[in-house]
Every structure is written in structure tokens, then in C-alpha cells.
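Contents: one structure, followed by commentary.
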Ligand code: SF4
Ligand code: SF4
């Protein structure tokens, strides 16, 4: 199944303290609508089955996104929009946007929520948006971004009290969150495998990872190419056949770190994107792993 995170624009109307999408870059880029439509046609031809509209805040461009969603529906592509709910100040305003999205064929809405988002957006907005989804028959879930600190308990409680559908999502220590204090990790030794859905940026650069992967500036490890020079199919094929990427998918970051010499005690100190950054955003470490990807790593077990 081929899925893509589609970055129509990096513009956002708020400035969350933890944002991965913006790490001090003040300039915003946006795709041309006509170009985005052509790309959707190419994505359909390349058998992409799911698209998540993300990056900055997509619904700043509600009319454009609605058109792109309608095209997804025509092509039989599952569509999702990731939003901060700025548009849902009242139940009536929430209904207006939800009905427009649903009317154009949106499959699912993902509402971002965290103590950082909610410095700018009222919790009530998220509640209005979720309730409007239920009322109007649109699937939704809330992505509750958390660093698992005590400060987040009340935020989780709010979701529970209102019986909202939510999933905790660990904050990624990249972008503006890079300097955040880390909470000690209290969990098992995890495999840390990643599905790695590609991310398409507004400037048509495509990356093999849609989370922190576009920020590996020392090696550009996840950069697949640009759609002005390569086709969608070529870039997906590159992502699907690269042996190191496939080790991340199947073997997991922890096993790769272990192969690279990290002790188990070191491995559990890092969240997966941090560990990934240590392994693949370091030219020496990357060169070693790349040369081992097809030989040593294939037969390695701990
Ligand atoms: S709403 Fe999303 S894109 Fe906008 S600043 Fe916050 S985390 Fe970043
Ligand atoms: S661990 Fe690496 S591949 Fe997985 S989401 Fe994080 S940056 Fe991307």
C-alpha cells in the first residue's frame, strides 16, 4: 500500500513551541493548486492509496484543499487532513467546515492537540470539531502530542471527560522541540520499526520519512529526489527498494543501533527519531551502515 504525506503549504496560523514542521525558517512555501492537481493525477497513476494533507495548517487554504480532496475521491484515494482546529471556534463554524470537507469526499480528519497547540487554540475548538465530525458522519481522531510530563495529565483528562477518540503521540525532538528537556523513558526495549510513508514538500522535494526525516541536514539521508526531475513512481520505487530503509521498516531502529555498537542501556535512553538521527544524520555512521546494509546487517541478530 502506497501512502503519502502531502505538504501543500508550510504556512501555519499559529506558532507551536514544539513544531517539527518549522525550525526557525520564517519563509513559507506553497504549491500552486494547478501543480497539485497534476501531481494528484500522477499519484493516482502510481497507485497511491492514501494521502494525508499536512505540513503547515492545510485548512488555511480550505477551498484548495477541498478541491484536492474531491480529486482524491474521484481517484479512489483515501484522504485525511491534519489540522489544528482553528476554524472551529463555535459549533456552527465547525459544521460549516466539516460539511464542506465531507461534501467533497474527505475520508478522515486528524485533529492535532497538545499543551503547545492549546496555547494558541482553545480546547473548545477541538471539542467543537470532534463533535461536528460525529454529528455529520465524518471519521476523526485526535492526535494528542505529549512528552508524558505531569503537565499533560490535565490535557489528557479533558479528552477523556468529553469521551473523544484520541491517540497519544510522543513529541518528536526535532525542529523547535530539539532543545526540550527529555523525560526519562520508562518502558520496554522497543523494536522501533517505522512504516515510513514518504512526505512531499511544497517545493516538490520528496522524503522517505514523513516525520523528522526531512530535517537530517548533515546527510539528507531520507531525501528521495524532486518531482521536477523524477516521476512519482521512480521516487516511491527508490523508497521501497533501498536496503537501509527496508531495515528501518523490518528490523527496526533499535536493532540497527545495536548492530552499530550501541548498548541496550544506551538505546533505551533515546526516542526512536533521536536514535535514528544519531545513526543516519552522521556521515561516518551512515557510511558504515550503508556499506553493511546488504551484507553484515542481513545476517545479523542479537
Ligand atoms: S499547528 Fe501544527 S504546523 Fe502549526 S505550528 Fe503547530 S505543530 Fe506546527
Ligand atoms: S525513526 Fe527515523 S524513519 Fe522513523 S519516523 Fe523517526 S525519523 Fe522517520
**Prompt:** Could you say whether any residue in region 127-136 is away from ligand 2 (no atom under 16 Å from the Cβ) and assigned to a loop (DSSP other than H, G, I, E, B)?
**Reply:** no
Expected output for region 271-282 (first residue in contact (Cβ under 8 Å) with a residue 12 or more places away in the chain, partner part of a helix (DSSP H, G or I) and within 16 Å of ligand 1 (Cβ to nearest atom), Cβ below 7 Å, 6+ apart or cross-chain) is 273/212; 277/212
Per the filter on region 248-261, residues within 20 Å of the chain's Cα centre (by Cα) and crowded, with 21+ Cβ neighbours inside 10 Å are 248, 253
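Conditions (1) in contact with a helix residue (DSSP H, G or I) (Cβ under 7 Å, 6 or more places away or on another chain); (2) within 16 Å of ligand 2 (Cβ to nearest atom); (3) in a strand (DSSP E or B), marked per residue:
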site: 8; (1), (2), (3): yes, no, yes
site: 15; (1), (2), (3): no, no, no
site: 20; (1), (2), (3): yes, yes, no
site: 43; (1), (2), (3): yes, no, no
site: 61; (1), (2), (3): no, no, no
site: 111; (1), (2), (3): yes, no, yes
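Condition check ((1) away from ligand 2 (no atom under 16 Å from the Cβ); (2) buried (at least 17 other Cβ atoms within 10 Å of the Cβ); (3) in a helix (DSSP H, G or I)) across all residues:
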site	(1), (2), (3)
202	yes, yes, no
214	no, yes, yes
275	no, yes, yes
284	yes, no, yes
Flagged pairs (Cβ under 9 angstrom, 6 or more apart or on separate chains; first in region 41-60, in the same structural domain as residue 6 (by TED's automatic domain parsing) and without any contact (Cβ under 8 Å) to a residue 12 or more places away in the chain; second part of a loop (DSSP other than H, G, I, E, B) and buried (at least 18 other Cβ atoms within 10 Å of the Cβ)) are none
For residue 240, the lone unmet condition from (1) at pLDDT 90 or above; (2) within 15 Å of ligand 2 (Cβ to nearest atom); (3) not in a helix (DSSP H, G or I) is (3)
With the structure loaded, tell me whether residue 65 is closer than 26 Å to residue 215 by Cβ, assigned to a helix (DSSP H, G or I) and in contact with a helix residue (DSSP H, G or I) (Cβ under 6 Å, 6 or more places away or on another chain) or whether it fails that test. yes
With respect to residue 172, is the statement that it is within 16 Å of ligand 1 (Cβ to nearest atom) and either touching a residue at least 60 places away in the same chain (Cβ under 8 Å) or closer than 16 Å to residue 274 by Cα (or both) true? yes
Among residues of region 183-196 being in contact with a helix residue (DSSP H, G or I) (Cβ under 9 Å, 6 or more places away or on another chain) and surrounded by 14 or more Cβ atoms within 10 Å (Cβ to Cβ), the residue farthest from residue 257 (Cα to Cα) is 196
Per the filter on region 193-228, residues free of Cβ contacts under 8 Å to residues at least 40 places away in the same chain and within 16 Å of ligand 1 (Cβ to nearest atom) are 214
With criteria (1) in contact with a strand residue (DSSP E or B) (Cβ under 9 Å, 6 or more places away or on another chain); (2) under 21 Å from residue 172 (Cβ atoms); (3) surrounded by fewer than 19 Cβ atoms within 10 Å (Cβ to Cβ), residue 49 comes up short on (2)
* Test residue 154 against the stated conditions and say whether it is farther than 22 Å from residue 184 by Cα and part of a helix (DSSP H, G or I). => no
Looking at residue 245, is it in contact (Cβ under 8 Å) with a residue 12 or more places away in the chain, within 13 Å of ligand 2 (Cβ to nearest atom), touching a strand residue (DSSP E or B) at 6+ places or on another chain (Cβ under 9 Å) and not assigned by TED's automatic domain parsing to the domain that holds residue 46?
no
- Query: Can you find even one residue in region 74-82 that is within 16 Å of ligand 2 (Cβ to nearest atom) and either in contact with a helix residue (DSSP H, G or I) (Cβ under 9 Å, 6 or more places away or on another chain) or more than 24 Å from residue 138 (Cα to Cα) (or both)?
  - Reply: yes
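The values are calculated or read from the model by the stated rules, or taken from the named source; none is laboratory data. None of the values given here were measured: they were computed from a predicted structure. Cβ sites come from the backbone with ideal geometry, for glycine too, and all protein chains shown count toward neighbours.
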